[in-house]
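Report on the structure given below.
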Number of protein chains: 2
Amino acid sequence: MTKQYNTESLDEGKKRFTSSTFRIIPLGGQEEVGRNMTVFEYENDIVIVDMGIQFPEEDMPGIDYIIPNINYLKDKLKKIKAVVFTHGHLDHIGAAPILLEKLGYPLVISREFTIALIKRKMEEYKKGSASRLKTIQIKPNLKEKISLGQLKLDFFDVEHSTIDSVGIIISSPVATAIHMGDWTLGMDSSGRKLSYNFLSKLNKPTILMIESLGAVNRQPLVTEKDMWKNIKTIIDEAPGRIIIATFSTQVKRIREILNYAQEIGKKVAIDGYSMRMILEIAKKLGYIRVGKETLIDIRKIDDYPPNKIVIICTGTQGEPKAVLSRIVADNHNYVKLRKTDTILFSSSIIPGNERTIQSLKDGLYRKCDNVIHNEIMNIHVSGHTNVEGIQEVTRQIKPTYVLPVYANHYFLKEAKKIIKEIGFPENNIFVLDNGQIINFNKTNTPIIEKEKADTNYIFIDGLRIGDVGEIVLRDRQMLAKDGMFVIVVVVDKQTGKVKGSPDIISRGFVYLRESKELLKDTRKRVVEIVHRATDSGGAVNWSYIKDEIRNKIGQFFYIRTQRRPMILPVVIEV
Amino acid sequence: MTKQYNTESLDEGKKRFTSSTFRIIPLGGQEEVGRNMTVFEYENDIVIVDMGIQFPEEDMPGIDYIIPNINYLKDKLKKIKAVVFTHGHLDHIGAAPILLEKLGYPLVISREFTIALIKRKMEEYKKGSASRLKTIQIKPNLKEKISLGQLKLDFFDVEHSTIDSVGIIISSPVATAIHMGDWTLGMDSSGRKLSYNFLSKLNKPTILMIESLGAVNRQPLVTEKDMWKNIKTIIDEAPGRIIIATFSTQVKRIREILNYAQEIGKKVAIDGYSMRMILEIAKKLGYIRVGKETLIDIRKIDDYPPNKIVIICTGTQGEPKAVLSRIVADNHNYVKLRKTDTILFSSSIIPGNERTIQSLKDGLYRKCDNVIHNEIMNIHVSGHTNVEGIQEVTRQIKPTYVLPVYANHYFLKEAKKIIKEIGFPENNIFVLDNGQIINFNKTNTPIIEKEKADTNYIFIDGLRIGDVGEIVLRDRQMLAKDGMFVIVVVVDKQTGKVKGSPDIISRGFVYLRESKELLKDTRKRVVEIVHRATDSGGAVNWSYIKDEIRNKIGQFFYIRTQRRPMILPVVIEV
């Protein structure tokens, strides 16, 4: 699909960007959710915000994930002063192990918990690599002011669905960018509603980069208070065990459940690879403090009465190897479901996972009388705000320009509309594509450059980075649809006759045992094609014979089955 | 996944079903949406309700759709007195062309529009087959009383998202089933709120089969009035053309838009194969009457000013070949998008299509300033009710037993809960699996039989019915994930030596041109494997050699790439 930016509001013709402009280059996160990464560039200094991964679409079989394309940075490695991470979700840190290595391990700046997660991911990717990292840990009071050449960084608190989430202020001599990271309008650590009025006092022009996943959500947000009331009532009243599935990075929620269990004398077991890993980090850093009498090993759950047991686990999205899927498939070593268990999905549905989650729920409802999810009761607070929140924060910050970010294009467009609704000048709201470069300076209208940075997909499949391209993917799609059919013909060099019967190997096309007639007809046709070509007596054109087999047998299959398997002829002369 | 029904409330041990029980056998529609089909059996009479198709899940690549398994009816063809269709959606009539043929064209009973759709589908499937059909058309007053052996049929109005939707009463000498079809609580044709109180007066015991897709929807329903107010305002105020995408079977909505356009002097063009087909039928049957001055050919839209044009089309689910996808991809012959076009999604999102629809919206938002969908404004009324509706109708009908139907298992379980909430006896609500047989008679507790009817998937892929099974599907999944790798080795019969270099054909695994090293290593390993086996001098075990190639090269690939392509060795002796 061609992507065109409407540049009609820009005085592009009149002005040229110069070396003293502040450039923002989103390498991902403007057209989809995931692989979030933005480059901020002023003369000889570059700061990068986030390095996320994107999960593959349905038409990308076999792909593990997609990382941002860093071609733009190829010749600018020396300019890179630091990579800053807003928070520890995979769509913000997931590509760090690969990209930090490729960029020669630049300085990393973030909060303590986020850095710990990144280091852990790096060690999983390449043993020993975390020790190569230089880091600056932003302290809880966020008082750090970091100068990186002509760029300066400041930080502010944001509320999101994982701890240690921050917003970032990137100041250049000519303009100031405010990046919210992922956020919702919540409370600060001392329980006061977060306010962003102080951001209205930064040096102008200011550019507000505002994550806009809430731009079509006109529902009132579930409050933490309501959620906790519901969750605690369920914990109090459950007739048997309680299994709470949530995202592994929901440290605050896990902490609160642990604290409440401790208060009322229930035991908590935590299960799931990523959740145990995160719990370990959170305990080590002091984010979670809980007595041994409360946190028990999953192997010990049968040592207590069922109504004393709370299990917190992964698997809300129906991931096949996560705990909840293993439990429902009776593949979990320690948790066998009982009718009296209560299961909570303290989570939202990530778009694309709807049917997988439906079938997970079907399985759970078969085995349990009490399955509770957000459709039934408010037991989850989203990490993203709604329309009102986006409007409210824009009003507070009073930026000169707004760039909605970190969502599908249509959310960004809707964000533009709702920000326009509160009287913000439409021409000062920019909806960019991945790779579009926007230039700001003190006095002039921002300029979007004609040339985009390269943002082609970089696929990760197994150990290899970027070696799966369009051709491999197209073949996989074709193989998935109708399978494949290999025909091996051995031809006598002397006589031009087919020796024996052609060998056939087929997978994913038809059930061979029940298709004997079809195979017989196919062999006969293949022999005919070869003999027709070799009978003429002249030099034999083998590639013509292969094409003929591909085309003629392809047509034959389509007429008989209306399927188009990939046909692969092998002709061997002996 | 094992599926167990909780039979603890049934006196199964004490009683045996006898030939004088009324049996209900749902062959589909109890575990998923689609392939809805239910068998009603009393002694020597069988009536079937609906024959729908189900769309494939993600792990069923290449499958067109799934039809109900009719093994249960194999030996009972003579008992089948009729097939009744509740309405014309594909999950209720889609399998009719195939299954009616397989069952020897039994009598078909439905409303006029539904029968016309079925006949059309039959002709598309097999030319001339519609003329073999014996039908009874239920007239609009629904006064028909049809006797089929000892079974009797009556009909009643239901409101749903297509016209001519009916509910069915199937009476046997011992019990009466009330089947709502798909429904919402709407108005009858004269604008009065539909009431089902009259159904409370049928012969007891009555069994209410209630479609329960609304069982987790606690939101108030959008009213037709609000929807029309919004749609008409948009039609009035649109600056340019209006493109309304909706489901092709939404005849009432299409009719109303046509009427309104006629009233205000706008022109309407209708596009999309299924929508034009349905329009043609609806016009022929008199459901739509519209003047030639209003309904224009899509090829003529440029003959009028843009603000006089309304286009109604298909493609709300992002189906790649439907009109909306073609428009957004610039592949439509007559509609090129303009910034000033207004696009309405008068539709809901069918679970599983979320990401496809997101990317369709992304494309539309790029090209148009006005894209409106239900997240933005209420411009669609669902054909399914909510929690309140299910409770209200159960209260009105006062059945003896309730079977929630036509939804995923977890909706059925939630329906049970909400019906229990209004004081209905829990033991009289049955949640069945596909194929579970329940027996009713005048006086005893219903019995669910131990043996289930066969409901294994019957896949349709191209022209063939049911020939794609688990093996073919598993191969397709495997091919999709990591591709395949064919190795052809020609071995000299005399010497046991490999002749030349092994041939390699690979698709979907790695990009071959950039993997020369890997291929070279692979060839070397294959030759070594063959020589190791043939060097020993004894009889050569060729199948051992193939296994060795498969295993050793498989391991080699996994270590190098962490991928597991399907490895297919071909060994040719010459």
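Tabulated values for the structure
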quantity: Residue ID - farthest from A:VAL158 (Cα to Cα), chosen from residues in the stretch A:400-410 that are buried (at least 20 other Cβ atoms within 10 Å of the Cβ) and more than 9 Å from chain B (Cβ to nearest Cβ); calculated: A:TYR401
quantity: Odd one out for A:ILE210 among (1) open to solvent by 70 Å² or more (accessible area, probe 1.4 Å); (2) not in a helix (DSSP H, G or I); calculated: (1)
quantity: Selection count, the stretch A:424-444, where residues are buried (at least 16 other Cβ atoms within 10 Å of the Cβ), at pLDDT 95 or above and among the polar types (S, T, N, Q); calculated: 4
quantity: Answer from A:ASP521, A:ASP492 - the residue that is touching a Phe, Trp or Tyr at 6+ places or on another chain (Cβ under 8 Å) and either among the charged types (D, E, K, R) or at pLDDT 95 or above (or both); calculated: A:ASP521
quantity: Any hit, the stretch A:55-65, residues being within 20 Å of A:GLN137 (Cα to Cα) and in contact with a strand residue (DSSP E or B) (Cβ under 9 Å, 6 or more places away or on another chain); calculated: no
quantity: Answer from B:ILE487, B:ILE460, B:ILE447 - the residue that is surrounded by 19 or more Cβ atoms within 10 Å (Cβ to Cβ), over 30 Å from A:PHE485 (Cβ atoms) and in contact (Cβ under 8 Å) with a residue 24 or more places away in the chain; calculated: B:ILE447
quantity: Top-ranked residue in the stretch A:377-399 [being farther than 21 Å from A:SER161 by Cα and open to solvent by 40 Å² or more (accessible area, probe 1.4 Å); ranked as nearest to the other protein chains (Cβ to nearest Cβ)]; calculated: A:ARG395
quantity: Number of positions in the stretch A:111-162 that are assigned to a strand (DSSP E or B), open to solvent by 30 Å² or more (accessible area, probe 1.4 Å) and closer than 13 Å to A:PHE85 by Cβ; calculated: 3
quantity: The stretch A:346-363 - residue that is assigned to a loop (DSSP other than H, G, I, E, B) and facing chain B (nearest Cβ under 8 Å) and, of those, surrounded by the fewest Cβ atoms within 10 Å (Cβ to Cβ); calculated: A:PRO351
quantity: Residue list for the stretch A:463-472, filter: facing another protein chain (nearest Cβ under 7 Å) and either among the small types (Gly, Ala, Ser) or open to solvent by 30 Å² or more (accessible area, probe 1.4 Å) (or both); calculated: A:LEU463, A:ARG464, A:GLY469, A:ILE471
quantity: Considering residues of the stretch A:504-553 that are part of a strand (DSSP E or B) and out of contact with any Lys or Arg (no Cβ under 9 Å at 6 or more places or on another chain) only, the residue nearest to the other protein chains (Cβ to nearest Cβ); calculated: A:ILE505
quantity: Per-region count, the stretch A:213-255, residues open to solvent by less than 50 Å² (accessible area, probe 1.4 Å) and in a helix (DSSP H, G or I); calculated: 9
quantity: Checklist (1) open to solvent by 60 Å² or more (accessible area, probe 1.4 Å); (2) modelled with pLDDT of 95 or more applied to A:ASP535, failing item; calculated: (2)
quantity: Single match in A:ASP482, A:ASP475 (criterion: open to solvent by less than 20 Å² (accessible area, probe 1.4 Å), at the interface with another protein chain (Cβ under 10 Å from one of its Cβ atoms) and not small (Gly, Ala, Ser)); calculated: A:ASP482
quantity: Selection within the stretch A:460-503 - more than 38 Å from the chain's Cα centre (by Cα) and part of a loop (DSSP other than H, G, I, E, B); calculated: A:ASP492, A:LYS493, A:GLN494, A:THR495, A:GLY496, A:LYS497, A:LYS499, A:GLY500, A:SER501, A:PRO502
quantity: Failed condition for B:VAL510, given (1) over 30 Å from B:GLU58 (Cα atoms); (2) of a type in the set (Val, Ile, Thr); (3) touching a Ser or Thr at 6+ places or on another chain (Cβ under 7 Å); calculated: (1)
quantity: Selected residue [small (Gly, Ala, Ser), open to solvent by less than 60 Å² (accessible area, probe 1.4 Å) and closer than 30 Å to A:ILE471 by Cβ] from A:GLY88, A:GLY62; calculated: A:GLY62
quantity: Of all residues making up the stretch A:163-190, the number that are assigned to a strand (DSSP E or B) and surrounded by 20 or more Cβ atoms within 10 Å (Cβ to Cβ); calculated: 10
quantity: Count of residues meeting criterion [in contact with a strand residue (DSSP E or B) (Cβ under 7 Å, 6 or more places away or on another chain) and open to solvent by less than 50 Å² (accessible area, probe 1.4 Å)] in the stretch A:412-423; calculated: 4
quantity: Residues satisfying the stated conditions in the stretch B:91-109, i.e. surrounded by fewer than 24 Cβ atoms within 10 Å (Cβ to Cβ) and either of a type in the set (Val, Ile, Thr) or touching a His at 6+ places or on another chain (Cβ under 9 Å) (or both); calculated: B:ILE98
quantity: Lone qualifier among B:THR162, B:THR114 - being among the polar types (S, T, N, Q) and out of contact with any strand residue (DSSP E or B) (no Cβ under 9 Å at 6 or more places or on another chain); calculated: B:THR162
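The values are calculated or read from the model by the stated rules, or taken from the named source; none is laboratory data. Just so it is clear, the model here is predicted, and its values are computed rather than measured. Quick reminder, even Gly has a Cβ in these numbers, built from the backbone with ideal geometry, and neighbours come from all protein chains shown. Protein only, heavy atoms only, side chains kept; ligands, DNA and RNA dropped before computing areas. Shrake-Rupley method; radii C 1.70, N 1.55, O 1.52, S 1.80 Å.
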